[in-house]
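S.K.: Below you will find the structure I want to go over with you.
The values are calculated or read from the model by the stated rules, or taken from the named source; none is laboratory data. Every value quoted in this text rests on a predicted model; they were computed, and no experiment measured them. Every residue, glycine among them, receives a Cβ derived from its backbone with ideal geometry; neighbour counts consider all protein chains shown. Protein only, heavy atoms only, side chains kept; ligands, DNA and RNA dropped before computing areas. Shrake-Rupley method; radii C 1.70, N 1.55, O 1.52, S 1.80 Å.
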Amino acid sequence: MINAGRVMPRLSRYLAPLLALLWAVSATAGPRNDALTAAFEGWMAETGFTSGAIAVIEAGTPYAQGYGDTRPDQPVALASLSKAITAACVAALDKNGVFDLDADIATLLDLPGAAGRLSEFLTHSAGLAPDRTQGIPWHLDADRTPRHQIAAQTALAAPRKSPDFRYSNENYAVLGAVLDAQTQTDYATGCARLVLAPSGIKSAALDPVWGPHGAWGGWSMSVRDYARFVQAWFGDGGGYAQDPLAWPHATLGNSRYYIMGAFHRPRRGENLFWHAGQLCWNGAGDGSYFASYGGDPVVVVSFKGCASDDAFQALSRALFQAGVN
């Protein structure tokens with residue numbers, strides 16, 4: 001996340017402005033599909049957001065809907081949901097034998113201070129703190145190149161904290177620098193080929209505004225396409241769903257973990273995954289959220305604006321209540 005001059009959203013009790021312009025691309029909606037859509041619409045009405053989109057895949061059937069001036073198949077900023085793409089790209093290179101998930105980055109990255117295992121950066125456990133990417137307006141620069149190298153160089157040159165979980169964009173900046181060095185092309189081209197193309201995703205690209213945030217927050221794609229990505233990696237039969245704790249993970253307490261760019265907890269024999277993202281500057285920004293509820297359904301939402309932490313918690317609760325019942 002990046003925030004500066006945040007303006008809190010206006011509260012509203014009325015759904016009518018939200019539905020003034022509605023776009024839908026759908027097959028027959030299922031019961032949890034309907035409940036998730038209603039939960040998102042209610043949350044938008046309560047928080048005052050009027051432009052956004054939702055995508056759900058339930059029992060293999062995709063559904064997507066847009067609100068306001070956001071169409072369901074247009075690319076939207078993913079913010080920190082980009083981290084799951086980065087982690088999947090690392091997993092793909094591990095599978096291809098390029099490196100091991102526990103490799104020392106000193107063998108993969110030629111930067112001063114490069115030390116630590118890939119698994120530690122994947123799980124925000126490399127001791128990087130504070131997050132020095134916050135408050136830097138790279139998205140305003142004419143140069144649209146992802147800032148992996150400069151962010152990683154700054155992070156690795158600084159003193160490390162204890163190896164506890166500390167959520168920081170810097171961890172994924174380091175991973176982006178590794179991927180720039182190891183994909184034989186560049187981060188975005190390599191990860192699109194390795195991770196997104198196999199799922200039939202065509203709308204993905206570095207975001208025209210937030211693209212410089214690259215591996216930790218720079219991707220955009222339609223919510224429908226990101227739902228395909230979530231299904232492929234966090235859904236039924238997905239890359240992580242069968243045995244989440246076999247992957248690098250940080251233990252957060254209360255049966256919660258951070259695994260490969262997402263939060264995770266088991267529930268009644270099922271595996272739940274979720275993550276939120278937001279990029280906000282001078283009161284304008286983009287927010288996003290995804291969840292996989294036992295692998296089916298999976299849901300992705302996006303909205304235009306800056307949400308408070310309380311608003312994100314309310315969104316998570318509303319979607320959870322709709323998605324697991």
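S.K.: What is the gain in length, in nm to one decimal, between Asp34 and Ala115 on full extension, counting 0.36 nm per residue of separation less the C-alpha to C-alpha distance?
M.R.: 24.4 nm
S.K.: Applying the Karplus parametrisation 6.51 cos²θ - 1.76 cosθ + 1.60 with θ = phi - 60° to the phi angles of the stretch 97-105, what ³J(HN,Hα) value in whole Hz is obtained for each residue in order, glycine and proline being reported as x?
M.R.: Once θ is set to phi - 60°, the couplings for the stretch 97-105 become x, 6, 7, 9, 4, 9, 5, 7, 5 Hz.
S.K.: Still on this structure, please answer the following. Counting every Cα pair in the chain, what percent are over 35 Å apart?
M.R.: 15
S.K.: Let me check the size of the stretch 186-239 from its C-alpha atoms; what are the radius of gyration and Dmax in Å?
M.R.: Gyration radius and largest Cα-Cα distance of the stretch 186-239: 11.1, 34 Å.
S.K.: Residue by residue, what Karplus-based ³J(HN,Hα) values in Hz, rounded to whole numbers, does the stretch 64-81 have, using 6.51, -1.76 and 1.60 with θ = phi - 60° and x for Gly and Pro?
M.R.: Each residue of the stretch 64-81 in turn: 8, 8, x, 9, x, 9, 9, 7, x, 10, 8, x, 10, 5, 9, 6, 6, 5 Hz.
S.K.: Using amide H atoms built 1.01 Å from N in the peptide plane, name the residues 5+ places from Gly239, or on other chains, whose amide H lies under 5 Å from its own.
M.R.: HN-HN under 5 Å from Gly239: Trp233, Phe234.
S.K.: Once the convex hull of the alpha carbons of the stretch 157-222 is built, what does its volume come to per residue, in cubic angstrom?
M.R.: 120
S.K.: In addition: In whole angstrom, note down how far apart the Cα centers of the stretch 47-67 and the stretch 102-177 are.
M.R.: Each part's Cα centre sits 33 Å from the other's.
S.K.: Measure off, as a whole percent, the carbon and sulfur share of the 1.4 Å-probe accessible area of the stretch 208-325, all protein chains present.
M.R.: 44
S.K.: Can you find, among Pro208, Ile105, Ala322, the residue farthest towards the positive end of the dipole of the chain? Put +1 on the C-beta of Lys and Arg, -1 on that of Asp and Glu.
M.R.: The listed residue farthest towards the positive side: Ala322.
S.K.: Under the rule of -39500 (n - 2.57) per DSSP H run of 4 or more residues, summed and divided by the residues of the chain, what mean residue ellipticity at 222 nm is obtained, to the nearest 500 deg cm²/dmol?
M.R.: Per the formula, -9000 deg cm²/dmol.
S.K.: Also: Once you've got the GNM for the chain with C-alpha springs shorter than 10 Å, pick whichever of Glu41, Glu270, Glu58 has the biggest mean-square fluctuation.
M.R.: Most flexible of the set in this elastic network: Glu270.
S.K.: Just the number please: accessible area per residue for the stretch 153-261, 1.4 Å probe, all protein chains included, in Å².
M.R.: Result: 39 Å² per residue.
S.K.: Moving to a separate point now. At 1.306 mPa s and 10 °C, plugging the Kirkwood radius over alpha-carbon pairs of the stretch 46-108 into Stokes-Einstein gives what diffusion coefficient in µm²/s?
M.R.: Once the numbers are plugged in, D ends up at 106 µm²/s.
S.K.: Let me ask something else about it. Can you tally the net charge around Ala151? Count Lys and Arg as +1, Asp and Glu as -1, for every other residue whose Cβ sits under 12 Å from the Cβ of Ala151.
M.R.: Its environment carries a net charge of -1.
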